[in-house]
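One structure is given below, encoded as structure tokens.
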Amino acid sequence: MRYLRRAFTLVELTFVILVFGIVAAIGSEIYAKIYENYLITRSINSLQTKTEIALEQIAKRLQYRIKSSAIGVTSDLDDFITTADPRLDESYTILEWIGYDETGLRGEYDDTTLNYFQPIWSGFIDVDNSTQTVISTPGSRLLSEWNLIDTLSHDSANIGDAAIIFPETGGDFNISRFGWYGNDSDYVFNINITSDTAFEISDPTRPTDIYERYKLVWTAFAIAPDPLDCQNNCDLVLYWNYQPWKGERFDTAQNVFKNLLLQNVTTFKFKQDGDVMRIKLCAGEKIIDNNISVCKEKVVF
């Protein structure tokens, strides 16, 4: 005897299709959520990496700053104060400082002989054999400084831009005396190199006292939002290769370099406590319908 199998009714088929549709919809939503979470996680990790790299670049340059020269500047460039001033607030959005030539101070390494050369400038002064105009700096190779500055500045600066600063100066926090924004540069002295171990003070203003230590400088640095009046989601840029002791400013100097540090910056804060500089950097990004933000802080001695 043949038995006939009863076919699905329309109601049963409709029910099955409905169930599969619900399962498919739930599955699609789950997969979409997983992918969205993946995109957000990837964006956060990428943003954290970019912020950390930018903060590390800032810290590396700040490490070789003349500590008493650091200033906070308003976006209109009309006012500046030392970064140690208690009045420093969010209106000071630009950080500037004079950096010393740490490459010349470190010396050089010869891959051929596997030997280290002595520093190009030692940072020490033989006070007994120096005057207010002629400085003796034993242990130096000053005649090599020309090529070093030329190389580091990509042929846009030379030894004529070099100057010295005594680390002991600036203790009175008269920050304008570093030459910022057209002020007198009583703390910075232009030099002429006369031999490997001697240079002349060519500045019209002679140092009142000669100290046992000095720093050789040839550029200042500025970290600022771009454009300068940007308040949120700004590009953060580094300016360098300009000399405030020669009347130059980062926004107008002819040979200044401008390098992008980080995009979509929402916060850039800085504060000096004693010899320590504290930096906070935040950046944001929009992914799908979410606004993500990452903040990093660093202390620079």
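The values are calculated or read from the model by the stated rules, or taken from the named source; none is laboratory data. Please read all numbers here as calculations on a predicted model, not as lab measurements. Cβ: placed from backbone, ideal geometry, glycine included. Neighbour counts: every protein chain shown.
Going through region 78-98 one residue at a time, which ones are in contact with a strand residue (DSSP E or B) (Cβ under 8 Å, 6 or more places away or on another chain), in a loop (DSSP other than H, G, I, E, B) and of a type outside the set (Val, Ile, Thr)? Matches in region 78-98: Asp79, Ala84, Asp85, Arg87, Leu88, Glu90, Ser91. Residues in region 47-65 that are hydrophobic (A, V, I, L, M, F, W, C) and either more than 14 Å from the chain's Cα centre (by Cα) or more than 20 Å from Thr103 (Cα to Cα) (or both): Leu47, Ile53, Ala54, Leu55. Among the residues making up region 133-147, those that are in contact with a strand residue (DSSP E or B) (Cβ under 9 Å, 6 or more places away or on another chain) and not hydroxyl-bearing (Ser, Thr, Tyr) are Val134, Ile135, Pro138, Gly139, Arg141, Leu142, Leu143, Glu145, Trp146. The residue list Arg177, Arg106 contains one member that is under 23 Å from Gln63 (Cα atoms), surrounded by 14 or more Cβ atoms within 10 Å (Cβ to Cβ) and either without any contact (Cβ under 8 Å) to a residue 40 or more places away in the chain or more than 29 Å from the chain's Cα centre (by Cα) (or both), which is Arg177.
Restricted to region 59-80, and to residues there that are buried (at least 19 other Cβ atoms within 10 Å of the Cβ) and among the small types (Gly, Ala, Ser), the residue that is modelled with the lowest pLDDT is Ser68.
Please work out which one of (1) touching a residue at least 24 places away in the same chain (Cβ under 8 Å); (2) surrounded by fewer than 17 Cβ atoms within 10 Å (Cβ to Cβ); (3) over 30 Å from Phe268 (Cβ atoms) is the condition Leu148 fails and give its number. Here Leu148 clears every test but (2). Answer with yes or no whether Thr219 is at pLDDT 95 or above, out of contact with any Asp or Glu (no Cβ under 6 Å at 6 or more places or on another chain) and under 28 Å from Phe124 (Cβ atoms). When the stated conditions are applied, Thr219 passes them. Considering the conditions (1) surrounded by fewer than 13 Cβ atoms within 10 Å (Cβ to Cβ); (2) under 22 Å from Asp209 (Cα atoms); (3) among the charged types (D, E, K, R), Asp155 is excluded by exactly one of them, (2).
Checking the structure you have, find out if any residue of region 281-288 is of a type in the set (Lys, Arg), assigned to a strand (DSSP E or B) and at pLDDT below 95. Scanning region 281-288, I find at least one residue that is of a type in the set (Lys, Arg), assigned to a strand (DSSP E or B) and at pLDDT below 95, so the answer is yes. Comparison of Asn45, Asn37 shows that the only residue that is surrounded by 10 or more Cβ atoms within 10 Å (Cβ to Cβ), out of contact with any Leu (no Cβ under 8 Å at 6 or more places or on another chain) and modelled with pLDDT of 75 or more is Asn45. Within region 32-70, the set of residues being outside any helix (DSSP H, G or I) and of a type in the set (D, E, K, R) comprises just one member, Arg65. Is one or more of the residues making up region 149-158 in contact with a Phe, Trp or Tyr (Cβ under 7 Å, 6 or more places away or on another chain), on the phi < 0 side of the Ramachandran plot and at pLDDT 95 or above? No, region 149-158 contains no residue that is in contact with a Phe, Trp or Tyr (Cβ under 7 Å, 6 or more places away or on another chain), on the phi < 0 side of the Ramachandran plot and at pLDDT 95 or above.
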